[in-house]
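See structure below.
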Amino acid sequence: MTTSAPSLAGLAPALAEAFRRHDYTVPGLELALGTEAVSALARSDAAVTRRHARGAGPAGALVRLFVLGDALPRREVEGLLPGVSVDVGVEAGLFELRDEGKVRALVDLRPVDTGHGTRWVFADVDGSMVHTETRPDHVLGVGAATLSLLRITPSSPARTVLDLGTGSGVQLVHALDSGAAGTGTDITPRCLELAEATLAINALEAELVEGPWFEPVAGRRFDRIVANPPFVVGPPETGHSYRESGLSLDGASRMVVSGAADHLADGGTAVLLASWVEREDVDWRTRVASWVPAEGVEAWVLRRDTSDPGLYVWTWLTDEGMDPREESTWRAADAWLDHFDREGVTGVGFGYVYLRRIEGASAVLCEDLTHPFDAGLGDEAEAYFARTAWLRAAAELHGGEDLAMDATVFTVSPDVRLHISESLAPTGAEGLPAGPATVVVERVTGARWRHEIDQLTATVLRGARTGVLPLADLVGLAAAAAGADPEGLAAPVRRVVADLFLHGFLVPVGVPDVLPPGAAAATVGVDA
């Protein structure tokens, strides 16, 4: 009779039982270590975290073992984890034995809150907390990119979710907690091993399949796709599978954006992190838009940041633990930057890509979202897609988008504020401000969009507060008050109103789905 070898997933239930007993949870660490240590842990400050963990009882000892990489006496580990044999843990790859009978963890295992309370996540040892060599199939834990993807994913339930490149499985855990049936794919067995353990320790079940890109789910469709792909822009090499795809430059992001639509169910949504090349002779919006299929997709692309090549290369070389003072590092930087020079790369953009499966010709909007925004950007994206769907239907009904806008009775979202912004610099005659004042309209929740508009458009917005007159009448009244020709003003005002509509400032009366998330509870209205 043969028995199967011990596995991390097999040990997971006993680990979970011990963690609950010692309150090795998100609120438990706050209580045991204090807010200073929790903040230090979040910024990967091992020194301050260890200082507080040493006197923090069992929860602190578990932080030292599974996060800080400290080797603890065997007897102490056995006391912390009575249901987990140290010897079995060694066989399973959970521990290694060190000198003087001490035990060191070979994985990073910590509590996180993905939006549904404490969950535990298996990952490889965190190089920002522990001196370690990053293995080629390194599995990331809950880092900045992971948290970004969690933060921008819609909160609405989805029946089926594909986590493309699941890694540690944290996005899959989040989807399962929302009631979805989940599928996780990855190219490396190590990722699937740790994802399986992450599911097991949280008493969750999902399908895990091995293979590159969309190959493991060929012919299948999902209500939601989430992906944090290996989007690092660089030479066509594979050094670390979690960040380098083997495709040149932004090939990985192009692959995911262009392929996702074929695996979305009708009305399904993809939420993707992506990076792209920026060149002086090509607008970044043109490059990213070219990845979207010509039919069946609506895309909303938000650029969060742009990095110059030198900073970008330094960031990723130090990410893998390379010392910028070493010759090997600057030679690697030279090779990377030489590749950028040959390809005409002047910058690297990073941002979020939302895709919605639709009928008919594709539509793409690419824009910057570099300012801070509130939680719930995923819900903001769903409202954006609801607005564009409404506009398509209204245009079909009225015989064109312009006619549809003119006939619509708009009202102002409750989270909108309008104010006058003027310079106080004494640049005019007698030291008074020079030039006209600027009208600023902004949303104070959600994406926190901010627009500068002219006085006539501001008058239209004030008129829309009542939610009584169609846009054409509001433009006519505003033009009459300004002594202007309404026919000449209709087109430019309509263009501005269309932008304000897409950003949720104005919404059609009686169409609740298009209201920005959180706006209904806002107490700030449009100032007179």
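How many angstrom lie between the C-alpha centres of the stretch 50-70 and the stretch 100-122?
11
Considering only DSSP beta bridges whose two residues both sit in the chain, what percent are antiparallel, to the nearest 5? Write down the numbers at each step before the final one.
Numbers: 49 of 73 bridges.
The answer is about 65 percent antiparallel.
Could you work out [θ]222 nm for the chain from helices alone, using -39500 (n - 2.57) per DSSP H run of at least four and dividing by all its residues? Round to the nearest 500 deg cm²/dmol. Numbers along the way, then the final one.
Numbers: 19 runs with 204 residues, N = 528.
That comes out to -11500 deg cm²/dmol.
Counting only protein heavy atoms and a 1.4 Å probe, tell me what percentage of the chain's accessible area is made up of carbon and sulfur. Working shown, then result.
Details: 12290 of 23590 Å².
C and S fraction of accessible area: 52 percent.
Ordering Val161, Val409 by accessible area with a probe of 1.4 Å, largest first, what comes out? Mind dumping the intermediate values first?
Numbers: Val161 5, Val409 40 Å².
The residues order as Val409, Val161, largest area first.
Taking 25 °C and 0.890 mPa s as the conditions, I'd like the Stokes-Einstein D for the stretch 1-94 in µm²/s, using the Kirkwood hydrodynamic radius from alpha carbon pairs.
Numbers: Rh = 14.0 Å.
Calculated translational D: 175 µm²/s.
Assuming 0.36 nm per residue, please report the length gained on full extension of the stretch His419 to Ala181 beyond their Cα-Cα distance.
Values: separation 238, 0.36 × 238 = 85.68 nm, distance 4.69 nm.
Residue separation times 0.36 nm, minus the Cα-Cα distance, leaves 81.0 nm.
So how much accessible area does Phe340 have, in Å² to the nearest 10, using a 1.4 Å probe?
Phe340 has an accessible surface of roughly 0 Å² with all protein chains in place.
Semi-axes of the chain's equivalent ellipsoid from the Cα gyration tensor, sqrt of 5 times each eigenvalue, largest first, rounded to whole Å?
Details: eigenvalues 469, 126, 124 Å².
Semi-axis lengths for the chain are 48, 25, 25 Å.
What's the local net charge at Arg303, with K and R +1, D and E -1, over the other residues with C-beta under 12 Å away? Show your work: numbers first, answer last.
Values: positive: Arg285, Arg287, Arg304; negative: Glu278, Asp283, Asp305, Glu367, Asp368.
Computed value for this residue: -2.
Got a sec? Charge dipole of the chain, +1 on Cβ for Lys and Arg, -1 for Asp and Glu; which of Leu31, Leu471, Trp284 is way out at the positive end?
About the Cα centre, the residue reaching furthest to the positive side is Leu31.
Heavy-atom accessible area per residue, the chain, 1.4 Å probe: how many Å²?
On the way: 23590 Å² over 528 residues.
Per-residue accessible area for the chain comes out at 45 Å².
Could you rank the peptides 454-466, 125-137, 220-232 by their average count of other C-beta atoms within 10 Å per residue, with the highest value first? Intermediate values should be presented prior to the final figure.
Details: 454-466: 18.8, 125-137: 15.4, 220-232: 22.5.
So the order, starting with the most tightly packed, is 220-232, 454-466, 125-137.
The values are calculated or read from the model by the stated rules, or taken from the named source; none is laboratory data. Remember, predicted model here, so these are calculated numbers, not experimental data. Virtual Cβ from ideal backbone geometry, glycine too; neighbours counted across all protein chains shown. What goes into the accessible areas is simple: the full protein's heavy atoms, side chains included, and nothing from ligands, DNA or RNA. Shrake-Rupley method; radii C 1.70, N 1.55, O 1.52, S 1.80 Å.
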